[in-house]
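Engineer: Provided herewith is a single structure, encoded as structure tokens, for subsequent inquiry.
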Amino acid sequence: MKNPRQLALDLAHRPAFGAEDFFLSQSNELAVKLIDDWPHWAQYAQLLIGPEASGKTHLVNVWILRSHAHVIAARDLHKTDLQQLPLDQCICIENLHDGLASEDVLFHLLNKVNENGGQLLLTSRTGIGDLVLKLSDLRSRLLALPSISIKAPDENLLKAVMIKQFSDRQIEIEPQLVEYLFKRMERSLQAVTQIVDELDRGSLGTGRAITKVLAREILLDKSS
């Protein structure tokens, strides 16, 4: 039987710092370059934007492991004592879209990290223009930072992720089934994860192999 991973041979494959593989594609290549360019960033702070399940968290985790960064959730900034932070090292502020507990703390953190020669990575699911910020100086400072966005995944990336998720469950599927599914499903990473999970549960629940027939039944059931 043809190895399903052959479907993804035209994708550059990158080893992950963990159990998962990470696939490089046009949708995420600028974000990957940002991580690869560290510690030689042109500016002390960088903003990485990507929707849910875009691979943003995976890339950030790679950077955290490489840089030994101190990690703070944006919603926890009110608990942060700047004097206790390694301001001359690396800090990651995650999930600006969840809301900032303290805009003043983030504004002063940006200043202190810059003054002390540290580096800062900020992440969000949305751009700065979509964030609710009261402090105009903070908005201006964030808008001035280099911003990298992860684009919508292309078809090759989605197929590679689907094959990987099936493989992680010790399921080998025919390339024709991958093509069949992609003609009938939403083109998103969330949809890939959902359909893989539904097919796996459907197979286990019925004792049947994952075939086009089973996939058709599950897709019809979803649409009804």
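Engineer: In this structure, is Leu199 in contact with a Leu (Cβ under 8 Å, 6 or more places away or on another chain), assigned to a helix (DSSP H, G or I), at pLDDT below 90 and outside the structural domain of Lys33 (by TED's automatic domain parsing)?
Structural biologist: For Leu199, the condition - in contact with a Leu (Cβ under 8 Å, 6 or more places away or on another chain), assigned to a helix (DSSP H, G or I), at pLDDT below 90 and outside the structural domain of Lys33 (by TED's automatic domain parsing) - is not met.
Engineer: Also, quick follow-up: Could you pull out the residue among Val105, Val60, Val71 that is closer than 24 Å to Arg139 by Cβ, surrounded by 17 or more Cβ atoms within 10 Å (Cβ to Cβ) and touching a Cys at 6+ places or on another chain (Cβ under 7 Å)?
Structural biologist: Val60
Engineer: Exactly one of (1) charged (D, E, K, R); (2) under 30 Å from Val192 (Cβ atoms); (3) not assigned by TED's automatic domain parsing to the domain that holds Met185 is unmet by Lys164. Its number?
Structural biologist: Evaluating Lys164 over (1) charged (D, E, K, R); (2) under 30 Å from Val192 (Cβ atoms); (3) not assigned by TED's automatic domain parsing to the domain that holds Met185 leaves (3) as the failure.
Engineer: Can you confirm whether Ser54 is outside the structural domain of Ile163 (by TED's automatic domain parsing), modelled with pLDDT under 90 and surrounded by 14 or more Cβ atoms within 10 Å (Cβ to Cβ)?
Structural biologist: yes
Engineer: Now a separate question. What about Leu143, is it among the hydrophobic types (A, V, I, L, M, F, W, C), in the same structural domain as Lys33 (by TED's automatic domain parsing) and surrounded by fewer than 17 Cβ atoms within 10 Å (Cβ to Cβ)?
Structural biologist: Against the criterion (among the hydrophobic types (A, V, I, L, M, F, W, C), in the same structural domain as Lys33 (by TED's automatic domain parsing) and surrounded by fewer than 17 Cβ atoms within 10 Å (Cβ to Cβ)), Leu143 qualifies.
Engineer: Report, by residue number, each residue of the stretch 115-142 that is hydrophobic (A, V, I, L, M, F, W, C) and closer than 14 Å to Glu103 by Cβ.
Structural biologist: Those that are hydrophobic (A, V, I, L, M, F, W, C) and closer than 14 Å to Glu103 by Cβ: Leu122, Ile128, Leu131, Val132, Leu133, Leu135, Leu138, Leu142.
Engineer: Give the stretch 77-94 a look and list any residue that's at pLDDT 95 or above and either part of a helix (DSSP H, G or I) or under 16 Å from Phe107 (Cβ atoms) (or both), or say none.
Structural biologist: Across the stretch 77-94, the qualifying residues are Leu87, Ile91, Ile93.
Engineer: Continuing with this model, one more query. Surrounded by fewer than 18 Cβ atoms within 10 Å (Cβ to Cβ) and either among the β-branched types (Val, Ile, Thr) or not assigned by TED's automatic domain parsing to the domain that holds Asn61 (or both), is that true of Lys159?
Structural biologist: no
Engineer: Let me ask something else. How many residues are more than 14 Å from Phe23 (Cβ to Cβ) and either small (Gly, Ala, Ser) or in contact with a Pro (Cβ under 8 Å, 6 or more places away or on another chain) (or both) when one looks only at the stretch 167-182?
Structural biologist: So the answer is 5.
Engineer: Inspect the stretch 117-136 for any residue being farther than 24 Å from Asp76 by Cβ and either part of a loop (DSSP other than H, G, I, E, B) or among the β-branched types (Val, Ile, Thr) (or both) and give the result as yes or no.
Structural biologist: Yes, some residue in the stretch 117-136 is farther than 24 Å from Asp76 by Cβ and either part of a loop (DSSP other than H, G, I, E, B) or among the β-branched types (Val, Ile, Thr) (or both).
Engineer: With respect to the numbered conditions (1) closer than 19 Å to Ala160 by Cα; (2) touching a helix residue (DSSP H, G or I) at 6+ places or on another chain (Cβ under 7 Å), which one is the sole condition not fulfilled by Ser203?
Structural biologist: Result: Ser203 fails condition (1) only.
Let's see how each residue does on (1) within 24 Å of Leu143 (Cβ to Cβ); (2) at pLDDT below 95; (3) in contact with a His (Cβ under 9 Å, 6 or more places away or on another chain); (4) not polar (S, T, N, Q):
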position	(1), (2), (3), (4)
Asn3	no, yes, no, no
Asp10	no, yes, no, yes
His13	no, yes, no, yes
Ala19	no, yes, no, yes
Phe22	no, yes, yes, yes
Asp36	no, yes, no, yes
Gln43	yes, no, no, no
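Engineer: Here's another thing I want to ask about it. Which one of these is over 25 Å from Thr193 (Cα atoms) and either touching a helix residue (DSSP H, G or I) at 6+ places or on another chain (Cβ under 6 Å) or surrounded by 20 or more Cβ atoms within 10 Å (Cβ to Cβ) (or both): Gln89, Gln83, Gln46?
Structural biologist: Result of the check over Gln89, Gln83, Gln46: Gln46.
Engineer: Select from the stretch 169-196 the residues that are free of Cβ contacts under 8 Å to residues at least 24 places away in the same chain and not in a loop (DSSP other than H, G, I, E, B) and write down the one among them that is surrounded by the fewest Cβ atoms within 10 Å (Cβ to Cβ).
Structural biologist: Glu179
The values are calculated or read from the model by the stated rules, or taken from the named source; none is laboratory data. Everything quoted here is computed from the prediction, not taken from an experiment. We place every Cβ from the backbone using ideal geometry, glycine too, and count neighbours over all the protein chains shown.
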